[in-house]
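Comments concern the structure below.
The values are calculated or read from the model by the stated rules, or taken from the named source; none is laboratory data. These numbers come from a predicted model, not from an experiment. Cβ placement follows ideal geometry from the backbone for every residue including glycine, while neighbour counts extend to all protein chains displayed.
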């Protein structure tokens, strides 16, 4: 199949996926019902707050705070999950005066993302003035930035290393020769970024301190957050990469595992079936890493050593396969993750990021086609076009990582349920 037909089929697949038309809601663990309900005015103290979510919850990662109309926090016992239904959380209420109260619940989705919901209710009458509870804001925006920079370095570094490893067969420079001291700078930046990510993520959790759990060796708590485990595994692999004078296969395997680990800290854990979601995300992350690493490697090799005819065929096959698999797995991830149908009507940030990612990938494919055509005709590569292809790839990675930190549109859940009320002796 020639390149023109190959691109035509890829664009057609993207059009079909994005062109289909479903009612959407936000994903992650979303609140779908509570007792008391939002805005209820009750004659007596209900004795209990119950909230149900779209996903099952982790028992140690749930926190509920209650504030009165003056914004003063009311002490509560530790919340507990409903026996037999881990999607519902309950907490006893102490004696309360008449007035308006705001309950804020913090949970962690199955994919490891922190989610916060709130309801207000009144006892006896609504308060004339209700002070909005003030809480320390978590650094969610910083979390996205550090995650992008850190995981971007890891993805680019892994793909670049694998291409340099294969490129040595054609007499091309290895990874250390290409990057020089930049190799150590990248390693240090990735390690520091992972440490910052850990503390930013820990700060966003209201119910537990993961740093304290790590210090105490409390693994039952740690394993409830896939994102935390991904950060710990990535740090360990980076440290192992720093061991000098190991056989080359050691570093190749570590890079593959390190890049693969980045696939296990996002939405995949909250999507059913989990095994398919994880497999697609793993393949997507690996192929994106190889695609981007190939482009950066070609730019560096072209500047240092000129054109290498023996490398050309291998490079074109590698990039074509990586690009095809990245696009196909991206489409399949979209089909598994969301209904797709309501994307054009959705106002979620995730949908706009998807449009940006698709546009960046299409721009990369157009530039790749032009460069490949020139190269096959034995014309010199144009570094400026290659540079723009890398820029669009970086933008696509940025959009993808940002998407993994935000709620995505999915089918509206079935809300035909009743909150299970618990007898005092059974809770």
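Quick notes on this structure:
- Among the residues of region 82-115, those that are in contact with a strand residue (DSSP E or B) (Cβ under 9 Å, 6 or more places away or on another chain) and within 23 Å of residue 201 (Cα to Cα) comprise 87, 89, 103, 104, 105, 106, 107, 108, 109, 114, 115.
- Members of region 129-185 that are in contact with a strand residue (DSSP E or B) (Cβ under 6 Å, 6 or more places away or on another chain) and modelled with pLDDT of 85 or more: 130
- Set side by side, the residues 343, 334, 325, 286 differ, and just one is at pLDDT below 90, part of a helix (DSSP H, G or I) and either in the same structural domain as residue 386 (by TED's automatic domain parsing) or in contact with a strand residue (DSSP E or B) (Cβ under 6 Å, 6 or more places away or on another chain) (or both), which is 334.
- Flag for residue 351 being in contact with a strand residue (DSSP E or B) (Cβ under 7 Å, 6 or more places away or on another chain) and either at pLDDT 80 or above or closer than 28 Å to residue 237 by Cα (or both): yes
- Residue list for region 355-392, restricted to those being over 21 Å from residue 156 (Cα atoms) and under 25 Å from the mean Cα position of the chain (by Cα): 355
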